[in-house]
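The values are calculated or read from the model by the stated rules, or taken from the named source; none is laboratory data. Because the structure is a prediction, the values reported are computed rather than measured. FYI the Cβ positions are ideal-geometry reconstructions off the backbone, even for glycines, and counts take in every protein chain you see.
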Amino acid sequence: MTRGARPQRPQRKRSARLWWLIPLGVTCLAFALRFYRLADMPPGLHYDEAFNGMDVTTMLSKPIWQWPIFFNGNFGREPLFLYLLAGAQRLLGPGIVTLRLVAALVGALLTPALMWLAWEMGPSLGANRRRLAPWAGMAVLTLLWSQIYARFALRVELFALLEVLSFAALWRAWRTNVIRWWAIAGVIAGLSFYSYLPSRLLPFISVPLALLAIWRYREQLTQRRAGIAIVALTGILVALPLAVYFVRNPLAFSTRLSQVSVLGEGITAIWHNIWATIQMVIVAGDINPRDNLPGRPVFDLVMFVPFLLGVISLLRRLLRPAALFLLSWLVIMLVPTIFSNYAPSFQRAIGAMPALALIAALGLDRAVAWADKRWPRGLRWYQATGWAALAAGIVITWRAFATWSASPELFFARDVGFVKLAAELTNDDAPGPIYLSPRGEDLPTIRYLLLRDATPPELRGFDGHVCVCLPAEGAARFVFLTGEDLRGPQLLQTYLPDGYFQTLVTDPAGRPWATRLVQPAGGRVQFPEMIAAPTTLSDGVGLLGYWLSDTALHPGERLYVRLFWRADARPAADYTTFVHLLQQGADGAMRQVVGVDAPPGKGTCATTGWAPGEIIVDELQMVLPPDLSAGRYWLTIGMYRPATGERLQVPGHSDDQIVLASLTTR
């Protein structure tokens, strides 16, 4: 080495040490973007997030060995994200920030994970890894897609993180051929199967690589046979418990896939989805306001050009393992949205998001390398232009995220109304239960947020379209989602003449979204249309009376039957109500002509939820046969256990049914 070259060595070492400040700074930026105003950007708490929170609450009431390995509710969910949520909720208690904390952490860690993957793949892609790594970490921050899911307490972005980590470990294992890295890659890949549905496609990414290696890289493949066996074995062993569960419960594996698949709709639907998925890159993205500014593509104009350059670079090197891997990753992870409804769906294509970011970073690196080769001595300016493009992409994306967070559409798309309603209920310290309609018990957002209340109100529910519940006496409040239940308030206004209405929540247009009917203590309870027919059944069930839409039978038309039940005690089982129209045959035996069987309120007023003293008004309807013959018929009702058909006992009636009325045709 010449005398003049010696002073440069310490400077190069110092430069290498200082370079690590760049990815550190990019990681800090990622954490800042993911965590800033986490509680209110976006507003609301979506049904799916709250559903996860309620499942976590149930989990925390059990020992860890009783936690499920798969959650069947809400269309089925893999467990790993919920396990992480459980840890956060154990430490911090229930709340919006608690739920989103895990998602934000996962979203922030995606940046250093991508930098690691880019560092490992850089030489194989012909890229400068010192540029490619931090640029890949920044590129994912230019995607509104990624920013939104980093604020969404769902399991989807956890899969994106795990796939990137498994690929990074795999590339390091391939490069170093160290057993430890093969095993780490297998463990992470196995864990990804506990995150989200597209993980099932991960093995298919290796198929093109395996064929290429057999064709052109057989010697390297032979040298790494032991490592490949280790990654496959460890991945299988880690994923085995979930696989065994799916073997024993095949519907858990296939139900969601069959619900969203378009394979049965023919080739036209698939071609439509392929074209829509291609267009999502720059033309039109996901139209669901929950997941995107409706129609905004993946890339803005600033980042689309680098992405296009990256694709061209990969296609030129298609027969190199890294290029083929990156393209295979992108294509395979777009399959879930191509073959499902509502394409393009950013949620279902989440596995392709890191690949898109990495390709865009590669395009920037290739552009800088090309410019430096063509016009030397301007490298610093070219690299500064790359940094500026990424910074501009991040600023554009953050502005889009702020616009999306303030969008009035999120009031409905992200259940903002339910969060406001939960706050109103928390502040309601009046005595008596609160009834919710029309969704009844199915309001996880409200129920989860009320977990923070030291003395939460007693919540009860029904679907006012078919059923209402009310106490026989005492104060009570009834909350209605105004646009979803028009019938319930009308009925209760008749039954509770001393009650009065209040507006609780308004929508962005200023219209009432949730109203409250307040029944004061000592307020009257009346049923003016009811025909009294007091009868006591077994298991705490009593009948007060009934109402019929007509006193005669009209062939081919509907007959409405309204039943007024009273709970003398809480029933021990969920019973099904039957309403049968009977006719006496020539032999004197009674035969059913038509009937309807349904649980009270179609399940929203289930008998196990009846409180002592409560009155339940349930309405059923039956369509009379068009060829109904003239004559006399008997309308009978009762209740039975659906599993066994065993009826509730009706004293004095051997057949355990109540004859409501004798009707004739007209």
Look at Leu191 and say whether it is within 35 Å of the chain's Cα centre (by Cα), at pLDDT below 95, in the same structural domain as Pro354 (by TED's automatic domain parsing) and of a type outside the set (D, E, K, R).
-> no
Determine whether region 261-270 contains at least one residue that is within 18 Å of Ala352 (Cβ to Cβ) and part of a helix (DSSP H, G or I).
-> yes
Quick one: Gln526 ticks every box in (1) in contact (Cβ under 8 Å) with a residue 24 or more places away in the chain; (2) touching a Ser or Thr at 6+ places or on another chain (Cβ under 9 Å); (3) in a strand (DSSP E or B) bar one, so which box is it?
-> (3)
How many residues of region 502-525 are touching a Lys or Arg at 6+ places or on another chain (Cβ under 7 Å), hydrophobic (A, V, I, L, M, F, W, C) and loosely packed, with under 15 Cβ neighbours inside 10 Å? The answer is 0
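Just give me the residues in region 39-70 being of a type outside the set (D, E, K, R), in contact with a Leu (Cβ under 8 Å, 6 or more places away or on another chain) and either assigned to a helix (DSSP H, G or I) or surrounded by fewer than 17 Cβ atoms within 10 Å (Cβ to Cβ) (or both), in sequence order. Steps first, answer last, please.
Step one: list which residues in region 39-70 are of a type outside the set (D, E, K, R), which gives 39, 41-47, 50-54, 56-61, 63-70.
Now restrict to residues that are in contact with a Leu (Cβ under 8 Å, 6 or more places away or on another chain): 42-45, 50, 52-53, 56-57, 59, 69-70.
Those that are of a type outside the set (D, E, K, R), in contact with a Leu (Cβ under 8 Å, 6 or more places away or on another chain) and either assigned to a helix (DSSP H, G or I) or surrounded by fewer than 17 Cβ atoms within 10 Å (Cβ to Cβ) (or both): Ala50, Asn52, Gly53, Val56, Thr57, Met59, Ile69, Phe70.
Which ones in region 542-569 are more than 18 Å from Pro612 (Cβ to Cβ), aromatic (Phe, Trp, Tyr) and surrounded by 18 or more Cβ atoms within 10 Å (Cβ to Cβ)? Before you say what the answer is, go through the steps one by one.
First, pick out the residues of region 542-569 that are more than 18 Å from Pro612 (Cβ to Cβ): 545-563.
Those still in the list that are aromatic (Phe, Trp, Tyr) too: 546-547, 560.
Passing the criteria: only Tyr546.
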Quick one: which of Leu33, Leu29, Leu24 is part of a helix (DSSP H, G or I) and without any contact (Cβ under 8 Å) to a residue 24 or more places away in the chain?
-> Leu24
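Which residues, counting only those in region 153-186, are of a type in the set (Val, Ile, Thr) and either surrounded by fewer than 19 Cβ atoms within 10 Å (Cβ to Cβ) or outside any helix (DSSP H, G or I) (or both)? Walk me through it before giving the result.
Taking region 153-186 as the starting set, the residues that turn out to be of a type in the set (Val, Ile, Thr) are 156, 164, 176, 178-179, 184.
Thr176, Val178, Ile179 - these are the residues of region 153-186 that are of a type in the set (Val, Ile, Thr) and either surrounded by fewer than 19 Cβ atoms within 10 Å (Cβ to Cβ) or outside any helix (DSSP H, G or I) (or both).
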Counted residues, region 340-376 - those being surrounded by fewer than 19 Cβ atoms within 10 Å (Cβ to Cβ) and within 21 Å of Thr277 (Cα to Cα) | 2
Pick from region 253-280, criterion aromatic (Phe, Trp, Tyr) and surrounded by 12 or more Cβ atoms within 10 Å (Cβ to Cβ), ranking: farthest from Asn292 (Cα to Cα) = Phe253
For region 174-189, pairs from a residue that is on the phi > 0 side of the Ramachandran plot to a residue that is surrounded by 13 or more Cβ atoms within 10 Å (Cβ to Cβ) and modelled with pLDDT under 95, with Cβ under 7 Å and 6 or more apart or across chains, are Asn177/Arg224; Asn177/Gly227
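Just for region 416-448: of the residues that are in contact with a Phe, Trp or Tyr (Cβ under 6 Å, 6 or more places away or on another chain) and within 28 Å of Asp286 (Cβ to Cβ), which one is surrounded by the fewest Cβ atoms within 10 Å (Cβ to Cβ)? Explain how you work it out, then say what you get.
We begin by selecting, within region 416-448, every residue in contact with a Phe, Trp or Tyr (Cβ under 6 Å, 6 or more places away or on another chain); these are 417, 435, 437, 440, 444-446.
Checking the rest, the ones that are also within 28 Å of Asp286 (Cβ to Cβ) come to 417, 444-446.
Details: Gly417: 21, Pro444: 25, Thr445: 26, Ile446: 24.
That would be Gly417.
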Of the residues in region 526-541, those that are within 23 Å of Tyr640 (Cβ to Cβ) and buried (at least 16 other Cβ atoms within 10 Å of the Cβ) number 6
Which of the residues spanning region 191-241 are among the aromatic types (Phe, Trp, Tyr), in contact (Cβ under 8 Å) with a residue 24 or more places away in the chain and either in contact with a Phe, Trp or Tyr (Cβ under 7 Å, 6 or more places away or on another chain) or surrounded by fewer than 12 Cβ atoms within 10 Å (Cβ to Cβ) (or both)?
-> Tyr196
Selection from region 392-408 of residues without any contact (Cβ under 8 Å) to a residue 60 or more places away in the chain and assigned to a helix (DSSP H, G or I) yields Val395, Arg399
Output for Cβ contacts, cut-off 7 Å, separation at least six or different chains, first residue farther than 30 Å from Pro626 by Cβ in region 543-569, second buried (at least 18 other Cβ atoms within 10 Å of the Cβ) and among the acidic types (Asp, Glu), reads Trp565/Asp618; Ala567/Glu614
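Conditions tested, residue by residue: (1) surrounded by fewer than 19 Cβ atoms within 10 Å (Cβ to Cβ); (2) without any contact (Cβ under 8 Å) to a residue 60 or more places away in the chain; (3) under 17 Å from the mean Cα position of the chain (by Cα); (4) not assigned by TED's automatic domain parsing to the domain that holds Val238.
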site: Asn74; (1), (2), (3), (4): yes, yes, yes, no
site: Glu78; (1), (2), (3), (4): no, no, yes, no
site: Leu91; (1), (2), (3), (4): yes, yes, no, no
site: Leu99; (1), (2), (3), (4): no, yes, yes, no
site: Ala103; (1), (2), (3), (4): no, yes, yes, no
site: Ala108; (1), (2), (3), (4): no, no, no, no
site: Arg131; (1), (2), (3), (4): no, no, no, no
site: Leu141; (1), (2), (3), (4): no, no, no, no
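Taking the stated definitions as given, is Ala153 under 17 Å from the mean Cα position of the chain (by Cα) and within 27 Å of Leu242 (Cα to Cα)? Full working, then the answer.
Values: under 17 Å from the mean Cα position of the chain (by Cα): yes; within 27 Å of Leu242 (Cα to Cα): yes.
Yes.
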Sole miss for Ile616 among (1) surrounded by 13 or more Cβ atoms within 10 Å (Cβ to Cβ); (2) farther than 18 Å from Thr577 by Cα is condition (2)
The correct count of residues that are surrounded by fewer than 21 Cβ atoms within 10 Å (Cβ to Cβ) and aliphatic (A, V, I, L, M) in region 570-580 is 2
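Are any of the residues in region 272-281 in a loop (DSSP other than H, G, I, E, B) and touching an Asp or Glu at 6+ places or on another chain (Cβ under 8 Å)?
Checked region 272-281: at least one residue is in a loop (DSSP other than H, G, I, E, B) and touching an Asp or Glu at 6+ places or on another chain (Cβ under 8 Å).
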Of the residues in region 413-443, those that are free of Cβ contacts under 8 Å to residues at least 60 places away in the same chain and assigned to a helix (DSSP H, G or I) number 4
